[in-house]
Amino acid sequence: MEPTPNMLKQLLLKNHQDAVLQTHPLFKSPSLSVGPMADSRERIRGPSRDGREFLTSPRQVLRRLMLLSEGRQYREAAGVVGRLGPSVLRSVIAELPLDLLLEHLPHSAYLLESFFTRLTTLNTTPKPDVPSETVAWQLVRLFSNPHESGLRQRCTKLLQALVKYEPNLRQTLRERRRSFDNAVQGLGVHGLTTSASGQLISLHVALKTELQRHVDTYKMAIHKLEELSMVTNNQDPAHSSHQRLLAINYGDIQQRLIDNKTLLTMLDKPILKQLQTLVENLSTRVENDKEVLSCVGQVKRLDAQAHVEKRPAAGLLMNFSRGCEVVLQTMGPESVPPGHPAMSKATMATGGSSCSDGYHSDDSASDDGSEIVSLYRNLYIENRADALEALDSLPQLKHAHSLKEKILFSMIVLSFRLCHGMRDRKVMEVRQVLSCGLDSSSETTLALDRAVRHHLHETTDSFPLGEIEQSVFNQVLSTLHEYPCLESCPTLTNYVSACVRLAWRMINQKAPYYLDMDFNLGFLRPEKHEPHSQSDRRSDLIKAFLWPALMQNNQCVFKAVVTT
């Protein structure tokens, strides 16, 4: 009897069921014997149509993921994660050895991205405790010293999934990058300081000289007080009563005035008031170094192989700052209002507003004053923009955006500071040549000072300033010795010359201009701060200064450009 087609179908179906039940690991136990007419529910447990095993036990899933990861089959492992339910996913995340996956970045980026995408999709409550910040800092470490090609392309989806799952990461990275940049900027304040005579000397030498001056002055004052104590030490308290004070005669008042004036002349010298400035400078340096060591300690915890003891702190922090910036850029573009037009170089420099941003004219201001303020505005709009463009073309500074802005900012500040020192030094030199006391306040000496300042005002355009220009450049280069490319940038040299020449002209006006040296990152003050166009308009906290405010007679004539 020949088999009919229906009989052949039944026979083939029976053989397939037997083969499935014999090969499936759940039915290898003798106690699990199943007949040919097994329930259809048991057939569901067989291999899926795509050949991948469907696992329901967290332990099995974890074992499977580790086996695939050891073989670098991260795409297959990501496929397993993509099919996990909420409870199994939560259990797997809790047991997952994340440090092993982080060691294999960027190769394991696909698997990590699948975890964060799945967590975002399921939106489980409560939120699983996933060390997302650890993942972000591992990526910062990779981007701080990129050695593999295509690193950014391989990690883009991971970073986008990461910031979707943990939106606060973006702000954390911004704050850490800002602390790195501030620490690097703080390293630049350990240069020379101006002495009372206008010379540039080290802070320790200036402190020693100033303290010695105080010691000598206080010894003289103590000696004078000892002379006076013979009269006042054992004085009867009744002699200081109100009635007795009203009864003293002309001669006593005259002697008291002479004694007190002598003491005041000894102690209230302008030259003695520099100590407080030096102490504040010392305090700033201490705080800056503490910030640097704190940031280096953070880097050391993030990257145990960074060898922080053997590397320059500035280069190390700038690398990690660059890593933070690349990670932030890869996470996605900043929100830009729709229809926002492209900005020209000048508009970018002025904060996206008109050319008069930061400039406030006064009806009573002279034409010469308006011209000088316009030159200061053009220095920011044109010269600074050209210098920034030149720095952008240097490969070593390609990603150091905040560093480039700080270089240009420090150069204009240094120019004003050194020009002030030069002007005061020239006045003192004339006094020394003519044998006038350095602390003399006689009318003749003051008239001599006015004559010297008038001469400097008349010769601002021809006065030799090469010494100051070289000093500004050398201080920046000594701080950023890791970037020798700065020395061979002619546009930057021209920018320094323009800053020094304009600063010299401004401080030698009859009503001198000066910079507002309050660079504290506090709250925005509309009367002297202008937010940059790319700032967060919803925030009034200053993140960085791009250009200092210009002052004259305690009035702000050009607002500082800041980012918020």
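Considering the stretch 382-416, and only residues there that are among the hydroxyl-bearing types (Ser, Thr, Tyr) and touching a residue at least 60 places away in the same chain (Cβ under 8 Å), the residue that is nearest to His532 (Cα to Cα) turns out to be Ser402.
State whether the residues of the stretch 209-228 include one that is at pLDDT below 75 and either surrounded by 14 or more Cβ atoms within 10 Å (Cβ to Cβ) or of a type in the set (A, V, I, L, M, F, W, C) (or both).
Step one: filter the stretch 209-228 for residues at pLDDT below 75, giving 228.
Those still in the list that are either surrounded by 14 or more Cβ atoms within 10 Å (Cβ to Cβ) or of a type in the set (A, V, I, L, M, F, W, C) (or both) too: 228.
Yes, the stretch 209-228 has at least one match.
Among the residues of the stretch 460-487, those that are loosely packed, with under 12 Cβ neighbours inside 10 Å and over 26 Å from the mean Cα position of the chain (by Cα) comprise Asp461, Ser462, Pro464, Gly466, Glu467.
Would you check if there is a residue in the stretch 118-125 being open to solvent by 80 Å² or more (accessible area, probe 1.4 Å) and more than 20 Å from Arg75 (Cβ to Cβ)?
Keep residues of the stretch 118-125 that are open to solvent by 80 Å² or more (accessible area, probe 1.4 Å), which gives 121, 123, 125.
Of the ones still in play, those that are also more than 20 Å from Arg75 (Cβ to Cβ) are 123, 125.
Yes, some residue in the stretch 118-125 is open to solvent by 80 Å² or more (accessible area, probe 1.4 Å) and more than 20 Å from Arg75 (Cβ to Cβ).
Is it the case, given these coordinates, that Gln274 is at pLDDT below 75 and either of a type outside the set (Lys, Arg) or exposed (fewer than 14 other Cβ atoms within 10 Å of the Cβ) (or both)? Criteria met by Gln274. Applying the set (1) surrounded by fewer than 18 Cβ atoms within 10 Å (Cβ to Cβ); (2) modelled with pLDDT of 80 or more to Gln138 leaves exactly one unmet item: (1). Only one residue in Ser144, Ser114, Ser87 is hydroxyl-bearing (Ser, Thr, Tyr), open to solvent by less than 50 Å² (accessible area, probe 1.4 Å) and closer than 26 Å to Pro58 by Cα, so which one is that? It is Ser114.
Could you please find all residues in the stretch 457-483 being part of a loop (DSSP other than H, G, I, E, B) and of a type outside the set (Phe, Trp, Tyr)?
Start the filter on the stretch 457-483 by keeping residues that are part of a loop (DSSP other than H, G, I, E, B), which leaves 459-465, 480-483.
Answer for the stretch 457-483, where residues must be part of a loop (DSSP other than H, G, I, E, B) and of a type outside the set (Phe, Trp, Tyr): Thr459, Thr460, Asp461, Ser462, Pro464, Leu465, Leu480, His481, Glu482.
Residues of the stretch 235-261 that are modelled with pLDDT of 75 or more and over 24 Å from His223 (Cα atoms): Asn249, Tyr250. Of all the listed residues (Ser535, Ser488, Ser462), the sole one being touching a strand residue (DSSP E or B) at 6+ places or on another chain (Cβ under 9 Å) and more than 18 Å from Val373 (Cα to Cα) is Ser535.
When Glu133 is tested against (1) in a helix (DSSP H, G or I); (2) open to solvent by 60 Å² or more (accessible area, probe 1.4 Å); (3) without any contact (Cβ under 8 Å) to a residue 24 or more places away in the chain, exactly one condition is not met: (3). Beta carbons closer than 9 Å, at least 6 apart along the sequence or on distinct chains, pair a first residue in the stretch 65-82 that is free of Cβ contacts under 8 Å to residues at least 40 places away in the same chain with a second that is in a helix (DSSP H, G or I) and of a type in the set (Asp, Glu) for Leu68/Glu76; Ala78/Glu113.
The values are calculated or read from the model by the stated rules, or taken from the named source; none is laboratory data. Predicted, not measured: the structure shown is a model, and the values here were computed from it. Glycine gets a Cβ as well: all are built from the backbone with ideal geometry, and neighbour counts include every protein chain shown. All accessible areas refer to the heavy atoms of the entire protein, side chains included, with ligands and DNA or RNA removed. Shrake-Rupley method; radii C 1.70, N 1.55, O 1.52, S 1.80 Å.
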